[in-house]
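Working notes, beginning with the structure itself.
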Amino acid sequence: MNVLPRFAIVGHPNKGKSSIVAALTQQGQVAISELSGTTTQSQAFELRIQGDALYSLTDTPGFQRPRQMLEWLQQQTPNAAERLAAIEHFIATFTPVATQSGRFKDEIELLKPILAGANIIYVVDGSVPYSPEYEAEMTILQWTGQPRMALINPINGDHYIDDWRNALGQFFSVVQVFNPMQTAMQEQLRILQAFALLNPLWQPALQAASKAIKNQNQQQKQQAGALIARYLATILAYQHSIPLIDKSLKSVTQNSLSQHYSAYLTNQEQQLQQDLHSLYAHNNLDAYNTPIDTNYPDLLDQSYWYLFGLSRTKLIALSASAGAAAGALLDLGVGGASLMAGSLLGGISSAAATTWLTENPEKVRIKNLPIGGKQLQIGPVTHLQFAFVLLGRALNYQHALATHSHANRNALHVNDNTEHWLNGLNKTQQLKLTQILQKAHKRLTDADISQCQMLVTQLISDASDNINANTHNRPHGNHPKEQDH
């Protein structure tokens, strides 16, 4: 049975210890605050993937009286062989005092997991100057005899990383820079490799953890692709009808129909977003007060689609190559019949049809034709641009979640940028995706949905690979600028 690797995250107050724990355990439950002293008790958090615990990080309070503690230890310790015993004696001596007055409470609390066998991860802020006052903390940690490394957290920049590295190297066998606000998988794997250097007995377990993280990352991409593909298949095939009782009520009925469809779009998108939150373990992340774009017009207003979807030139090229004309926004008819703009334009080439519709959306007029009973029907939407808008919004949201560190407690910020997504597919794949989206209003087969999932997953993977590649190409080691800020 493998022993679970355990690490105690220690250091001065307000240096980002809790943020590092949250980022490396993928847990949003870790308490994080800009106020100093938020963590008052040591608490262990495990990285779990598919129910298996891979390693444990203990969040601890910050040092409060390290110089006074070190002075007491030095008075009790005649030689290096007795330093660990002196620390144990300190805890036994001052635990009753800490219970009554609070003196040395934080020092005792942070040392307990270390004396219980946790390896030490000492955290400093690389954006503030080095000061000798930290040497008391580092000396106390050195006296424990436990394997230890230091992480430089560039909270507000990397201005003093060189100075910190020179000082930390005298107390710690491994010194690394790590920004917990960055979520690139390669960064997390790099830190795990550094962890493995501390304790040879834990290397197999940490290697297994790295492999599990890679597998999880790939599975999340595939599952996100499946969620988005199903979402598109559902929403693009949706239609809703309302009986037209009286011609005089047509305007009111049509308005009610549009409102119903808008509400349906909103509800479906929100459900997709909730599913993505669960997938990336961001269930407590506040995203409701941060709309995807506060200035985004009504999705039913076709004249605005080009602000958020593909360019007219790109859309025309895709539509022409796929060999199908884009349809109209609203499918409004009477008597249970769908009156599609696509059928109205059936004799026009797809490229010409798309040009005419996109340049003159307000000129699309469809007469009501009585066929059987009378009713107004909305959907399914057949316009290719509309499908790409929905796809782009879904991908933007997924990307924002996947790149949002669990250490970042700010509300989710999502940028609207659709056209760049297609760059992750070759021309053949772009046309295949276009063909699938164009026929989605007729209801996609399971094979179509599977193909759509594969293509969407490819788009997600391409964006993720670009992030990891950029991170991997940044220098580490002794270079003073290991992170971008």
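Summary of values
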{"quantity": "Cα-Cα separations in the stretch 191-234 greater than 12 Å, expressed as whole percent", "calculated": "66"}
{"quantity": "Kirkwood hydrodynamic radius over Cα pairs of the stretch 6-180, then Stokes diffusion coefficient at 25 °C and 0.890 mPa s, in µm²/s", "calculated": "149"}
{"quantity": "Peptides ranked, highest mean first, by Cβ atoms within 10 Å: ranges 170-176, 59-65", "calculated": "59-65, 170-176"}
{"quantity": "Positive-pole candidate from THR183, LEU197, PRO154, dipole of the stretch 64-210, charges at beta carbon", "calculated": "LEU197"}
{"quantity": "Segments 20-29, 278-287 sorted - mean Cβ within 10 Å per residue, highest first", "calculated": "20-29, 278-287"}
{"quantity": "Local net charge near GLN429, Cβ-Cβ under 15 Å (Lys/Arg +1, Asp/Glu -1)", "calculated": "+1"}
{"quantity": "Mean Cβ neighbour count within 10 Å, used as a protection proxy, ranking 397-408, 236-247 highest first", "calculated": "397-408, 236-247"}
{"quantity": "Distance violations [Cα-Cα > 19 Å] among LYS250/LYS374; LYS17/LYS112; LYS247/LYS442; LYS247/LYS374; LYS17/LYS211", "calculated": "LYS247/LYS442; LYS17/LYS211"}
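Rule-based calculations on the coordinates, nothing more; no lab input. Since the structure is predicted, the reported quantities are computational estimates derived from the model, not experimental observations. In this analysis, Cβ positions are derived from the backbone assuming ideal geometry, glycine residues included, and neighbour counts consider all displayed protein chains.
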